[in-house]
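All of the numbers you see were taken from the coordinates with simple rules; none came from a lab. Predicted model only: the values in this text are computed from it and were never measured. FYI the Cβ positions are ideal-geometry reconstructions off the backbone, even for glycines, and counts take in every protein chain you see.
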């Protein structure tokens, strides 16, 4: 029985299949469903968990080479929230939300959270 780290079996399975340069999407509660992408829904209630909660859980065992977020995130959220993401991620590439969504279909999987921050979605590329 697992006693530490990520305990969710579906999430462990998804993470174990990510290889060098594969991408993973961690999305807020409003992110559209993508039927062609394996989705793990971790949403419990509003704000639990957040994208940052998931990033903090992944950080010890997931080597992030690149990260993308929607440019709109900076316009709709506090500087403090942006700094929290910046501390966990390599330099973030910000791009228009529509371009961000064009990257989604090539992802290995999508983790849906209950985050309520606008545009709080991130695409991670495994190093």
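A few comments on the model shown:
- Take every pair of alpha-carbon atoms less than 8 Å apart whose residues are at least six positions apart; their mean separation over the length of region 20-126 yields a relative contact order of 58 percent.
- Sorted on the mean count of surrounding Cβ atoms within 10 Å across their residues, most packed first, peptides 75-88, 11-24 read 11-24, 75-88.
- For region 69-109, the C-alpha radius of gyration divided by 2.2 N^0.38 Å, with N the number of residues, is 1.24.
- Cβ-derived FRET efficiency at R0 25 Å, residue 34 paired with residue 78, nearest 0.05: 0.35
- Residues 68, 34 arranged by fewest to most Cβ contacts within 10 Å: 34, 68
- For the chain, the longest principal axis of the C-alpha atoms and the axis of helix 79-88 are separated by about 40°.
- Helical mean residue ellipticity (222 nm; -39500 (n - 2.57) per DSSP H run of 4+; nearest 500) of the chain: -8000 deg cm²/dmol
- Percent of beta bridges antiparallel (DSSP, the chain, rounded to nearest 5): 45 percent
- Computed FRET value (nearest 0.05) for residue 97 with residue 41, which takes r as the C-beta separation and R₀ as 30 Å: 0.90
- In units of the rule-of-thumb radius 2.2 N^0.38 Å, the chain shows an alpha carbon radius of gyration of 0.98.
- For region 37-112, dividing the convex hull volume of the Cα atoms by the residue count gives 110 Å³ per residue.
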